[in-house]
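Contents: one structure, followed by commentary.
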Amino acid sequence: MFKVLQKTSLNLGQSEKKEKILVQGNKPLKGVIRTSGAKNAVLKQMAACLLIPAKVILKDVPPLQDVFRMIQIVEFLGGKCEFDLEKEVLQIDCSNLNGSYAPFELVSKLRASFVILGPLLTRMKSAKVSLPGGCQIGTRRIDLHEKGLRDLGAKISISHGYVEAECQPNGLTGCEMRLDIPSNGATENLMMAAVLAQGLTIIDNAAKDPEIEDLANFLNSCGAKIKGGGTDRIEIEGVKLDELHGTEYITLPDRIEAGTFLIAALATDGDVLIQNIVPEHLQSLLEKLEEIGGKIDCKENTIHICRAKPLRATEISTVWYPGFPTDLQAQLMALLTKAEGTSIIKENIYEDRFSHVQELVHMGADIQVNHNVAVMKGVEKLTGTQVLGGDLRATAGLVIAGLMAGGKTEVRGLNHLDRGYSHFTDKLIALGAVIERVSDSS
Ligand code: EPZ
């Protein structure tokens, strides 16, 4: 078991304790909060540690359920982990790995863990990793991961729920490839696999998300040679294992967490300053929030938001970065329930990411869904009731709806919330929300 240097209330297994959030709505959020390190960056950096035969120190690592689960996987494979929860510093030493088999029991708990396949295969020359399975928001295919690894020379077979991959004794061979769609996971898996491949690999139509750029920067700080991370063309010059070394690295701030708090601030007619954020990473959201009625002021690492005018309806369509992120769709929908006029939200990344709609309707929202399009008419008020979050961002969206509603809202589904938001209720309390997390005995 990994060494935890300080205990917090959130630790592995805590989400299995049944809890719920109680929110008393109609209170404006006011104050300052600091964004944590980005979940979707740190999980990939942890997977990337499987490539590095030395001690790595990751800073600003949020104590999330998904991070704890990824630690379990790294440890199962032979890595040594030490997590200082108070300082949010995670040390990982993968000098010695003892295998390249990742079982269903571990991988199935965390979809992001599938990105261990690329680093394990390229370092160990073979890997057997459980398929990540579907999830609440859609099928989440892996065909691009598979095709890209084949292009790099791997033999891949899928049977009994496992991907088995093998390469020549001298490893993978660099090549030029083009992804059919700019999948984050495929870009990351293939970029990591290419770090130890022979020669040059070029990934065209790569995902351009800031988390990909951060992964490339992290790997480069360990001795990898990657150019173009964060653009649609990434070039990776393969290096030898002994050219990779340890590093100390600060994970970039979580744009989705910051976006969630910005939406919550506008939704409650609040006045909030978010620290530790790169405003450019949230451009598409900030434009929408201004259109809806927000007044935004960005400095180098901060964003201030308050309301300039009454909330107005808008249209959004989720797309790949730098377009509007699917990971903020549920939260924005909560905000738009009370915006004057008719809003239209089109979800293009996942086939089933509207689990929050029914719950918002229970609170009084007027929303009709047809396939991947939600049409919503702004209502005067929401009323608190009991709601259940069906995925991570849906649960956050329902808490925002609770903050906007009259009376008390009970939000369940915290097992999802804890995967991706650290100290969520504490941060809201610091902004003046009347909210508490209590045991759910019902
Ligand atoms: C990452 O998932 C994020 N997760 C997701 O965040 C995020 O929603 C998503 O990127 C899109 O931005 C992590 O980083 C841990 P994808 P990932 O590969 O990498 C299809 C959150 O709330 N696809 O870009 O799994 C797939 O079916 C989470 O924090 C293929 O068709 O996303 C899906 O519809 C949820 N074939 C779409 O692309 C493939 O081989 C997006 O997938 C791969 C993907």
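Read the figures in this text as sums done on the coordinates, not as results from a lab. Small disclaimer: the values here were computed from a predicted structure and weren't measured. For neighbour counting, all protein chains shown are included, and Cβ atoms are generated from backbone atoms with ideal geometry for every residue, glycine included.
Brief remarks on what is shown
- Computed 3J(HN,Hα) for segment 118-127, one whole-Hz value per residue from the Karplus formula 6.51 cos²θ - 1.76 cosθ + 1.60 where θ = phi - 60°, is x, x, 5, 4, 5, 7, 9, 6, 7, 7, glycine and proline marked x.
- Length released on extending from E105 to K227, taking residue separation times 0.36 nm less the Cα-Cα span: 40.4 nm
- Looking at segment 39-250 alone, DSSP beta bridges between its own residues are antiparallel in about 75 percent of cases.
- Note on I344 and E237: with the Förster distance fixed at 41 Å, the Cβ-Cβ geometry gives a FRET efficiency of about 0.35.
- Linear extension gain, K147 paired with K59, 0.36 nm per residue minus alpha-carbon span: 28.3 nm
- Entries in K80/K109; K39/K408; K59/K80 that, when Cα-Cα distance is taken, lie over 24 Å: K39/K408
- Here the simple spin-label model places points 7 Å from the Cα toward Cβ, and for A308 and H160 these points are separated by 6.1 nm.
- Of H371, H362, the sequence from fewest to most neighbouring Cβ atoms within 10 angstrom is H371, H362.
- Each of G25, C306, Y162 was placed along the dipole of the chain (beta-carbon charges, centred on the mean Cα), and the one lying farthest toward the positive end is G25.
- Antiparallel beta bridges, as assigned by DSSP with both residues in the chain, represent about 70 percent of the total such bridges.
- On the basis of the beta-carbon distance and an R0 of 41 Å, E315 and E248 show a calculated FRET efficiency of 0.40.
- Put in order of Cβ neighbour count within 10 Å, fewest first, the listed residues K227, K17, K55 become K17, K227, K55.
- In this Cβ point-charge picture (+1 for Lys and Arg, -1 for Asp and Glu), the chain has a dipole of about 600 debye about its Cα centre.
- In this calculation the C-beta distance from E351 to D204 is compared with R0 = 35 Å, giving a FRET efficiency of 0.85.
- In nm, spacing of pseudo-spin labels at K295 and V32 (7 Å Cα→C-beta vector): 2.0
- Residue-averaged 222 nm ellipticity for the chain, from DSSP H runs of 4+ at -39500 (n - 2.57), nearest 500: -8500 deg cm²/dmol
- Angle between the chain longest axis and helix 255-267 axis [Cα atoms, degrees, rounded to 10]: 0
- Our summary of shape: the Cα atoms of the chain have principal axis extents of 66, 45, 43 Å, ordered from largest down, in whole angstrom.
- Reported to the nearest whole Å, the Cα centre-to-centre distance from segment 339-357 to segment 101-119 is 30.
- The chain, relative contact order in percent, only Cα pairs under 8 angstrom and at least six apart counted: 20
- 3J(HN,Hα) couplings calculated from phi for segment 184-201 with the Karplus curve 6.51 cos²θ - 1.76 cosθ + 1.60 (θ = phi - 60°) are, in sequence order, 4, x, 5, 4, 5, 4, 6, 4, 5, 4, 6, 4, 10, 7, 7, x, 9, 10 Hz; Gly and Pro show x.
- Net length available on complete extension from I181 to D440 is 89.1 nm, with 0.36 nm assigned per residue and the Cα-Cα distance removed.
- Counting only alpha carbon atoms, the long axis of helix 39-48 and the longest principal axis of the chain meet at about 10°.
- With respect to the chain, whose longest principal axis is taken over its alpha-carbon atoms, helix 65-76 is tilted by about 10°.
- Its Cα centre serving as origin, segment 275-398 has a Cβ charge dipole (Lys and Arg +1, Asp and Glu -1) of approximately 360 debye.
- Taking N as its residue count, the alpha carbon Rg of segment 39-250 over 2.2 N^0.38 Å: 0.91
- Here the label points at K87 and T139, each 7 Å from Cα along the C-beta direction, are separated by 4.7 nm in the simple model.
- Dipole magnitude of segment 39-250 about its Cα centre (Cβ charges: Lys, Arg +1; Asp, Glu -1), debye to nearest 20: 420
- Three-way shape label, segment 231-343, alpha-carbon gyration tensor, a/c 1.5: prolate
- Listed by Cβ neighbour count within 10 Å, with the fewest neighbours leading, F261, F104 appear as F104, F261.
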